[in-house]
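Okay, so here's the structure we're looking at.
Each value in this text was obtained by applying a stated rule to the coordinates, not by laboratory testing. Bear in mind that the values here come from a model prediction, so they are computed numbers and not experimental data. With ideal geometry, Cβ positions are generated from the backbone for all residues, glycine too; neighbour counts draw on all protein chains shown.
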Amino acid sequence: FRFTLIFFGLSFAFAGTVLALYYFTGGADGYIETNNLILYINMPFWALILSACFAYLLFTLLFRASALVLRRETKPVEIIDSNKRVGFRALVDTGNMLRDPFTNARVIIADYSAVKDIVPQKVREILDKAGAESFPAMYEKIPYEYKFRLIPYKTVNKSFDLLLAFKPEKILIDGALSKNALVALSPARISDGGAYAALI
């Protein structure tokens with residue numbers, strides 16, 4: 001559904017850009033004509049080709065610029081635990097001040113689906129049966145040997161809640177080792193568009 005909306009949105013934007021270029025470069029005469037009650041645009045072929053090429057170049061530059069901005073705002077993250085590893089991009093959130101209240105270790109909030117492969121099988125079976133709102137409630141069912149813990153956090157609307165977190169063997173952020181960091185599991189996807197899978 002999202003890709004369909006993107007396709008039609010880009011199509012409308014592309015067509016609108018082509019028409020705007022033709023209109024503002026003096027091609028407004030005979031701009032819209034009718035034929036058997038059907039509206040159509042009588043645009044010369046050369047004008048269509050030139051404006052389409054210009055529109056393509058314009059959109060290419062815009063998307064590349066937005067991609068560069070996104071890459072500056074995100075960093076690659078790699079998590080290693082029990083000879084398994086997962087990798088994804090994380091958004092650098094300056095407002096994320098989440099810390100473990102006991103050790104003061106930084107906490108990375110990651111999509112459960114992004115780190116699921118390194119979560120121990122027994123824990124995964126417990127969490128897969130849980131609803132999206134009941135991850136913290138599963139804490140008591142997780143064997144102590146896996147060393148999961150609950151991290152309290154405060155949202156923008158000043159409500160308090162809990163996140164289920166664990167400490168993997170290694171966390172690499174942009175290639176640098178992040179010591180003592182924890183990974184908190186978010187049942188819901190953090191990014192609607194999938195551009196990143198965690199907050200750091």
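Other residues within the sphere of radius under 14 Å centred on the Cβ of Ile126, judged by their own Cβ, net out at +1 (K and R +1, D and E -1).
Counting charges near Ile173 (Lys, Arg +1; Asp, Glu -1) among other residues having Cβ under 10 Å from its Cβ returns a value of 0. For region 86-125, the set of chymotrypsin sites (Phe, Trp or Tyr not before Pro) satisfying both a DSSP loop assignment and a count of at most 16 other C-beta atoms within 10 Å is given as Phe102. Peptide packing for 52-58, 9-15 was compared via the average number of neighbouring C-beta atoms within 10 Å per residue; ordered from the highest value, the list is 52-58, 9-15.
Restricting region 134-196 to trypsin sites (Lys or Arg not before Pro) that sit in a DSSP loop and have at most 11 other Cβ atoms within 10 Å of their own Cβ leaves Lys147, Lys158, Lys179. Restricting the GluC sites (Glu not before Pro) of region 97-200 to loop positions (DSSP other than H, G, I, E, B) with no more than 16 neighbouring Cβ atoms within 10 Å leaves Glu133, Glu169.
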